[in-house]
């Protein structure tokens with residue numbers, strides 16, 4: 001997959017051509033302008049939520065444009081309600097008030113788990129942790145969705161596109177794809193399929209043990225793959241292409257098999273999504289997540305430290321030795337604020353009140369996010385107020401790669417009770433479909449296209 005930052009593609013996201021064209025873009029040798037200083041994970045510039053999780057410091061206006069990231073927090077997250085989840089249209093960086101940020105619609109199921117849902121004309125659901133992990137042991141207990149074109153994912157993603165993946169393609173329920181990336185650099189040799197029993201019918205615990213010197217991928221406590229840092233040396237770049245920067249946990253369900261995607265993506269995903277599929281219930285595809293466990297490890301030896309609350313980058317190299325642990329602020333006063341001006345809040349009663357209380361006016365600002373998203377500039381919520389496209393079509397690639405996790409619709413994600421939901425039976429995957437992924441790895445692509453697409 002290309003730059004596995006991927007967040008599924010949806011043509012409707014690009015329908016507002018005039019708005020899309022007006023949003024400044026960012027990337028190598030093209031940093032964001034001062035007026036919209038934060039480069040989102042979709043390669044577009046804005047303020048507010050653009051400056052929070054996923055803000056890329058390498059392509060933002062300056063290293064201080066992105067807000068500092070909350071440090072790792074060891075915890076066992078029982079995903080039994082929406083009380084610890086805040087929609088991305090409301091979250092302003094206060095990780096003490098929410099452990100997860102959502103886009104799309106997570107739904108409570110029988111008061112003991114959450115469903116990631118994907119209805120027609122949406123790009124699914126994404127949950128992202130508010131706390132980052134800079135090495136640790138991360139486990140997710142879950143089941144996946146199924147069907148051609150339907151992809152479930154549990155990944156780690158850093159703001160500079162270091163990535164570690166478990167990905168599940170809905171036509172192969174007996175394997176999970178493991179993968180890793182360094183700064184989003186495409187390497188189709190990094191992927192490896194791991195055997196597992198039916199991922200829809202059976203609840204499994206998937207674990208990433210991420211150490212400074214190696215990564216292991218485990219299923220139900222059994223180590224299935226190990227990648228050592230010393231195996232990732234790139235002689236041309238003279239550096240290790242190994243994930244090494246603070247990353248968020250991401251759990252997602254997204255439609256890789258859309259007709260607007262490149263043929264490589266569609267082939268990797270097993271075909272086009274069938275929106276009349278019997279695998280849909282209550283009008284949507286679903287994956288279930290019961291628990292996420294995080295055990296934080298100490299930062300690497302010799303790390304830069306001037307505090308204990310947040311991670312920042314002190315160089316555009318974006319490598320392990322350029323991370324500092326500080327006491328810098330992680331909260332914005334409004335969706336008009338940035339890391340360069342975190343106290344900016346047009347809705348506050350007074351500038352002094354905003355300065356003394358960074359969260360002041362947050363509710364007013366969040367309610368204004370939707371209207372701000374349709375205005376000329378600046379854009380405030382990535383994926384809601386603007387779509388992005390950082391990928392390319394890799395049709396014809398025959399091995400390696402991974403189509404990554406990650407994206408959600410513009411729904412606020414309030415969710416609802418799952419009392420009427422029942423999981424269906426799982427028809428067997430055909431041998432032909434299964435062998436496509438068992439042999440030769442996966443074909444992948446990333447076309448990132450999010451948009452203001454509401455559930456119908």
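For the residues 174, 163, the requirement of being touching a residue at least 40 places away in the same chain (Cβ under 8 Å) and in contact with a strand residue (DSSP E or B) (Cβ under 6 Å, 6 or more places away or on another chain) singles out 163.
For segment 193-233, a residue qualifies if it is within 21 Å of residue 163 (Cα to Cα), free of Cβ contacts under 8 Å to residues at least 40 places away in the same chain and either out of contact with any strand residue (DSSP E or B) (no Cβ under 7 Å at 6 or more places or on another chain) or not in a strand (DSSP E or B) (or both), and the qualifying residues are 213, 229, 230, 231. Being within 25 Å of residue 157 (Cα to Cα), more than 17 Å from the chain's Cα centre (by Cα), at pLDDT 95 or above and assigned to a loop (DSSP other than H, G, I, E, B) is a description that applies to residue 298. Quick one: would you say residue 300 is within 23 Å of residue 138 (Cβ to Cβ) and touching a helix residue (DSSP H, G or I) at 6+ places or on another chain (Cβ under 9 Å)? Yes: the conditions hold for residue 300. Residues in segment 245-279 that are touching a strand residue (DSSP E or B) at 6+ places or on another chain (Cβ under 8 Å) and assigned to a loop (DSSP other than H, G, I, E, B): 245, 246, 256, 257, 269, 270, 273, 277, 279. Taken together, the residues in segment 35-46 that are in a strand (DSSP E or B) and touching a helix residue (DSSP H, G or I) at 6+ places or on another chain (Cβ under 8 Å) amount to 3. Residue-level analysis places residue 32 outside the set of residues that are surrounded by 22 or more Cβ atoms within 10 Å (Cβ to Cβ), in contact with a helix residue (DSSP H, G or I) (Cβ under 7 Å, 6 or more places away or on another chain) and assigned to a loop (DSSP other than H, G, I, E, B).
Of all residues in segment 59-74, exactly one satisfies the criterion of being more than 18 Å from residue 328 (Cβ to Cβ) and in contact (Cβ under 8 Å) with a residue 60 or more places away in the chain, namely 74.
Report, by residue number, each residue of segment 175-192 that is assigned to a loop (DSSP other than H, G, I, E, B) and under 21 Å from the mean Cα position of the chain (by Cα). Correct list: 182, 183, 184, 185, 186, 187, 188, 190, 191. Restricting attention to segment 292-318, the residues being touching a strand residue (DSSP E or B) at 6+ places or on another chain (Cβ under 8 Å) and surrounded by 18 or more Cβ atoms within 10 Å (Cβ to Cβ) number 8. Among residues of segment 98-127 being assigned to a loop (DSSP other than H, G, I, E, B) and in contact with a strand residue (DSSP E or B) (Cβ under 7 Å, 6 or more places away or on another chain), the one that is surrounded by the fewest Cβ atoms within 10 Å (Cβ to Cβ) is 112.
Note on segment 47-93: residues that are in contact with a helix residue (DSSP H, G or I) (Cβ under 7 Å, 6 or more places away or on another chain) and more than 18 Å from residue 246 (Cβ to Cβ) total 4.
The values are calculated or read from the model by the stated rules, or taken from the named source; none is laboratory data. These numbers come from a predicted model, not from an experiment. Neighbour counts are summed over all protein chains in view; Cβ atoms, including those assigned to glycine, are modelled from backbone coordinates with ideal geometry.
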